[in-house]
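The values are calculated or read from the model by the stated rules, or taken from the named source; none is laboratory data. Since this is a predicted model, take the numbers as computed values, not measurements. Note: ideal-geometry Cβ built from the backbone for every residue, glycine included; neighbour counts use all protein chains shown.
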Amino acid sequence: MAFPDGHNWYFMKTDSNISERFSSLLLPILLCLLLNLIPAHSAYAQKASITDFTVSNSKSQILLYLTVTDCFTGEMEDAIHNGIPATFTFYVEIYRQRSRWPDRKIKKYEFNHIIEYDSLKKEYKVRREEKNDYKMTSSLGDAKLLMSEINGFAVLPLEEIDPKSFYIIRVKAKLARKTLPLYFHYLIPFTSLWDFETEWYDLKLNLGQ
């Protein structure tokens, strides 16, 4: 007999009436257990977005700033508190515009922000690869900001800029699926609870001005 979880269950044929009665009771129980794992809002995809997307410059570099909003769910926070790390992956691409040819990609970056919870110390550890640092905090709100913000990431040396050209900076963020351990997929097969992926966001600049 096949159930919605994809497993086959077999019953001894000692008594057909007992077997049929048992199976008729087992199916509703399994369905109830599965339904209890699905929050009321899980049918809706997580709609994360990028805000405060801008650039500035230091003496030698173009610096990128952005914030990812609506990227955390209650289920994700519960899982983090239960020892499951979460990884946000950021993608940055820079193009130089060309009038008669396709835009030329001149820079490409990919890096992660990783959050883990230490239940003994009751602290969150956030690793930011683009800064090569770790931050510790006891505040979930502060940890979420560290996870969701890019603050002054050097993306393009000023000496490489053509003052006559226009540039496009494209950014995107997503939850890395690799953060879910294999066993977790079997326990809770509804991975949409964890999914978020923003659209690509573009910023057009004349960096020579």
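Would you be able to tell me the number of residues in segment 74-104 that are in a strand (DSSP E or B) and over 17 Å from Lys174 (Cα atoms)?
Here the count works out to 4.
So how many residues does segment 119-133 have that are surrounded by 12 or more Cβ atoms within 10 Å (Cβ to Cβ) and part of a strand (DSSP E or B)?
So in segment 119-133, the residues surrounded by 12 or more Cβ atoms within 10 Å (Cβ to Cβ) come out as 123-131.
Those left that are additionally part of a strand (DSSP E or B): 123-128.
Within segment 119-133, residues that are surrounded by 12 or more Cβ atoms within 10 Å (Cβ to Cβ) and part of a strand (DSSP E or B) number 6.
Inspect segment 136-149 for any residue being buried (at least 17 other Cβ atoms within 10 Å of the Cβ), of a type in the set (Gly, Ala, Ser) and either assigned by TED's automatic domain parsing to the domain that holds Leu63 or under 15 Å from Leu203 (Cβ atoms) (or both) and give the result as yes or no. Break it down into steps so the answer makes sense when it comes.
We begin by selecting, within segment 136-149, every residue buried (at least 17 other Cβ atoms within 10 Å of the Cβ); these are 143-144, 146-148.
Next, from what is left, pick out any that are of a type in the set (Gly, Ala, Ser): 143, 148.
Narrowing the set further to residues that are either assigned by TED's automatic domain parsing to the domain that holds Leu63 or under 15 Å from Leu203 (Cβ atoms) (or both) leaves 143, 148.
Checked against the condition, which is being buried (at least 17 other Cβ atoms within 10 Å of the Cβ), of a type in the set (Gly, Ala, Ser) and either assigned by TED's automatic domain parsing to the domain that holds Leu63 or under 15 Å from Leu203 (Cβ atoms) (or both), segment 136-149 yields at least one hit.
Considering only segment 134-160, state which residues are in contact (Cβ under 8 Å) with a residue 60 or more places away in the chain and in a strand (DSSP E or B).
Answer for segment 134-160, where residues must be in contact (Cβ under 8 Å) with a residue 60 or more places away in the chain and in a strand (DSSP E or B): Glu149, Ile150, Asn151, Gly152, Phe153, Ala154, Val155, Leu156, Pro157.
So if I check each of Thr69, Thr87, which one is in contact with a strand residue (DSSP E or B) (Cβ under 7 Å, 6 or more places away or on another chain) and surrounded by 16 or more Cβ atoms within 10 Å (Cβ to Cβ)?
Thr87
Give me the pairs: first residue in segment 71-98 and in contact (Cβ under 8 Å) with a residue 60 or more places away in the chain and more than 30 Å from Pro157 (Cα to Cα), second residue surrounded by 15 or more Cβ atoms within 10 Å (Cβ to Cβ) and among the acidic types (Asp, Glu), beta-carbon distance under 6 Å, and six or more apart or on different chains, which are they?
Pairs that qualify, where the first residue is in contact (Cβ under 8 Å) with a residue 60 or more places away in the chain and more than 30 Å from Pro157 (Cα to Cα) and the partner is surrounded by 15 or more Cβ atoms within 10 Å (Cβ to Cβ) and among the acidic types (Asp, Glu), are Pro85/Glu116.
With the requirement that a residue be buried (at least 16 other Cβ atoms within 10 Å of the Cβ) and either at positive phi or not β-branched (Val, Ile, Thr) (or both), what does segment 91-102 give you?
Answer for segment 91-102, where residues must be buried (at least 16 other Cβ atoms within 10 Å of the Cβ) and either at positive phi or not β-branched (Val, Ile, Thr) (or both): Glu93, Tyr95, Arg96.
Check off (1) part of a strand (DSSP E or B); (2) farther than 26 Å from Val55 by Cα for Lys107 and give me the number that stays unchecked.
With (1) part of a strand (DSSP E or B); (2) farther than 26 Å from Val55 by Cα applied to Lys107, the lone miss is (2).
Since Tyr124 meets every condition but one in (1) at pLDDT 95 or above; (2) closer than 16 Å to Ile94 by Cβ; (3) among the aromatic types (Phe, Trp, Tyr), which condition does it not meet?
Tyr124 satisfies every listed condition except (2).
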